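**Student:** I have a structure here, written as structure tokens, and I will follow up with some questions on it.
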Amino acid sequence: MTARRACQPDPGNPMRRHLLDPSDLDADLLALWKQFCDGNSLYHSPFYRPQFTQAVALARPDARVAVLEERGDVVGFFPFHLTRSGTGKPIGGHINDYHGPILAPGVEPSAHALLQAAGISAYDYNHLPAAFTALTAGAHTFSISPQMDLSDGFEAYLARKGSQWWGKVKREVRRRKRKAEDAFGPVRFVFHDPSDRAYSVHVAMKNTQYERMGLRATMGDGWAGKVLETLRHMQEPDFAGIMSTLYAGDRLIAGHVGLRSATVLHWWFPSYDLSLSKLGPGISLIHECMLSMREHGLAIVDFGKGDEDFKMYFADRHEKLCEGSISHAGSMAATLRQGTDALVGFAERLPLGRFKTYPRRAVARLISGVNLPEEVG
């Protein structure tokens, strides 16, 4: 199938689709997908690039792409995982920080039209930009993805943050750098460190962090580990895996595995040596990355969903995100999601204290979450 020009939506003509394995996308379709991403700032995140979908598909055979058409012209791409129940999950599941379809300018299908085109009864999301107004009617939780905006230059960013803030950052980083050098040797930063040893140490540090937080998550294992292994070796002008490192002497004290598009660095899996937390290695790593942005042609650091202190400390803008589902009215999927939403809504009005989020988290794990089964049958 060859890609043709994008067109404007036609309300009288239903959206059509070709459901493909990501490996079956030809060069013309991939070029058009990238064109849609380049033409809309909403899609500048590396998670919307076709390379991310293709990397996930190498590890999961349930990955699909609905190529959306109107009047014979391609108007969008909708990557997702097709579950056994006939519902769709965001491509990459829990490791994807930006969900939703990639659409041509001016194209905004209804939730029903998108589901119909993809051949699924429901689509669950928890990182959908609120800008997808036609798809957010079923959203129940809203959040932000803090960002550092250097698109107008470093001086403009500092003007927004304030000279007092910048003076404090520089003093703290210099003080901690001196301490690290006194203890271990010269501090050295590498924007992209492809060494296997650095990646292995980073994974170990990240898993130690997860363990300290009481999480069962592990980095580097299962299908997600295979995706990360693929991504860290991808180096293309519009998409790349980035492994940034900070050393003190020969000791790796902080690392970060992220993704970049042509203009955006997405802060994804950071780690640091917990025994050296007083030296602030994580903050120092962000500082070094910030100073090297222009050299690598980057304008935005997207820290991902959440309002953790380190994200808000450096951010000067944010993207609004939401969590919820879209489903066909009257379908089994819709009935199940509406019923559980009502039950969760009732539970959240009870005086549950710190357990208030448990009902919705339990529903997300069982029904409307984005986690994918480890085994794909």
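We did not get these values from a lab; they are worked out from the coordinates using the rules stated. Because the structure is predicted, anything quoted here is derived from the model rather than measured. Positions of Cβ are backbone-derived with ideal geometry, glycine not excepted, and every protein chain shown enters the neighbour counts.
**Student:** For K206, list the lysines whose Cα falls under 17 Å from its own Cα; do not include residues on the same chain fewer than 8 positions away.
**Tutor:** K226
**Student:** Averaged over every viewing direction, what's the projected area of the C-alpha convex hull for the stretch 1-141? Give it in nm², one decimal, please.
**Tutor:** Values: hull surface 31.2 nm².
The orientation-averaged projected area of the Cα hull of the stretch 1-141 comes to 7.8 nm².
**Student:** Another question, then. Sort the stretch 203-312 into rounded, prolate or oblate with this rule: let a ≥ b ≥ c be the square roots of the eigenvalues of the Cα gyration tensor; rounded if a/c is under 1.5, and if a/c is not under 1.5, prolate when a/b is larger than b/c, oblate otherwise.
**Tutor:** In terms of gyration-tensor shape, oblate.
**Student:** Still on this model: Hey, which lysines would be in cross-link range of K168, C-alpha to C-alpha under 21 Å, not counting anything within fewer than 8 residues on its own chain?
**Tutor:** List returned: K177, K179, K278, K311.
**Student:** What residue among P129, P237, P79 shows peak mean-square fluctuation when the chain is described by a Gaussian network model with Cα springs under 10 Å?
**Tutor:** Largest GNM mean-square fluctuation: P237.
**Student:** Residues with amide H under 5 Å of M219's amide H, sequence separation 5 or more or different chain, H placed in the peptide plane at 1.01 Å from N; which?
**Tutor:** Under 5 Å from the amide H of M219 lie the amide H atoms of N207, each far enough along the sequence or on another chain.
**Student:** Roughly what would the spin-label model give for D221 and S110, points 7 Å off Cα along C-beta, in nm?
**Tutor:** 4.5
**Student:** Starting from the amide H of R17, placed 1.01 Å from N in the peptide plane, find each other amide H under 5 Å away whose residue is 5 or more places distant or on another chain.
**Tutor:** For R17, the qualifying residues are E69.
**Student:** Starting from the amide H of A131, placed 1.01 Å from N in the peptide plane, find each other amide H under 5 Å away whose residue is 5 or more places distant or on another chain.
**Tutor:** The list, which skips near neighbours in sequence, is empty: none.
**Student:** In addition: So how much slack lies between T133 and Y313, counting 0.36 nm per residue of separation and subtracting their Cα-Cα distance, in nm?
**Tutor:** 61.9 nm
**Student:** Ratio of alpha-carbon Rg to the 2.2 N^0.38 Å globular estimate for the stretch 78-200, to two decimals, please.
**Tutor:** 1.62
**Student:** Shifting gears a bit: In debye, nearest 20, what is the charge dipole magnitude of the stretch 144-205 about its Cα centre with +1 on Lys and Arg Cβ and -1 on Asp and Glu Cβ, if you could check?
**Tutor:** 480
**Student:** Sticking with this one: For the chain, just run the numbers: alpha carbon Rg, then divide by 2.2 N^0.38 Å, N being how many residues it has.
**Tutor:** Numbers: Rg = 21.6 Å, N = 377, 2.2 N^0.38 = 21.0 Å.
That ratio works out to 1.03.
**Student:** To the nearest 0.05, how large is the calculated FRET efficiency for S275 and S85 if R₀ is 35 Å and r is the Cβ-Cβ distance?
**Tutor:** On the way: r = 45 Å, r/R0 = 1.30.
In this case the efficiency is close to 0.15.
**Student:** Pick out, from Y247, T263, F132, the residue whose Cα sits farthest towards the positive end of the charge dipole of the stretch 121-268, with +1 on the Cβ of Lys and Arg and -1 on the Cβ of Asp and Glu.
**Tutor:** Checked the options; the winner is Y247.
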